[in-house]
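The numbers here are math on the coordinates, done by the rules we state, and not lab data. Here the structure is a predicted model, which is why all the values come from computation and not from measurement. Cβ coordinates were reconstructed from backbone atoms using ideal geometry, including for glycine residues, and neighbour counts include every protein chain displayed.
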Amino acid sequence: MDIRKLQRLIVDALDDVKAQDIKVFNTEHLTALFERVIIASGTSNRQTKALAASVRDKVKAAGGDIVSMEGEDVGEWVLVDTGDAIVHIMQPALRQYYNLEEIWGEKPVRLKAAGTKAGAKASVEDHEDEVEEAHDALDAPAPARRKAK
């Protein structure tokens, strides 16, 4: 499945169950293991479990694979591995403590109007070019530095 389609599908699945503070990080330049890290918050154990189930069901329904799911039994932090994308669904206190956003990048792919499917879809599509430009900038040679005298 195309990574952009998978990303939209996951964001929609999270939005359907009212996930909070959804962040998408493009990790293609950081690791060859996966292309996206998606982090979202749920307000209770029940909601984090429901968010993970929504992601699993929508990805499977679209013909995608779920490599594994971890943390469903407790529900404080549930991880869904789709192969090309890793989804972390966390309670706010754990999310603040572990601060995964710091690990995966300072600048997530922007999602306009978080909480609305149309806004999230449009934003992901609008900012894919920005992500590509960032990749190009990382691949470009570093500018020559002047030597100190």
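Tabulated values for the structure
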item: Sorted by Cβ density within 10 Å, fewest first, the residues THR31, THR82; result: THR31, THR82
item: Selection of trypsin sites (Lys or Arg not before Pro), the range 18-86, meeting DSSP coil and at most 15 other Cβ within 10 Å; result: LYS18
item: Lysine pair number, Cα distance threshold 22 Å (strictly under), the range 1-111, separation 8 or more or different chains; result: 14
item: Prolate/oblate/rounded call for the range 6-69, Cα gyration tensor, a/c under 1.5 rounded; result: oblate
item: Net charge contributed by nearby residues that have their C-beta within less than 9 Å of GLU28 (K/R +1, D/E -1); result: 0
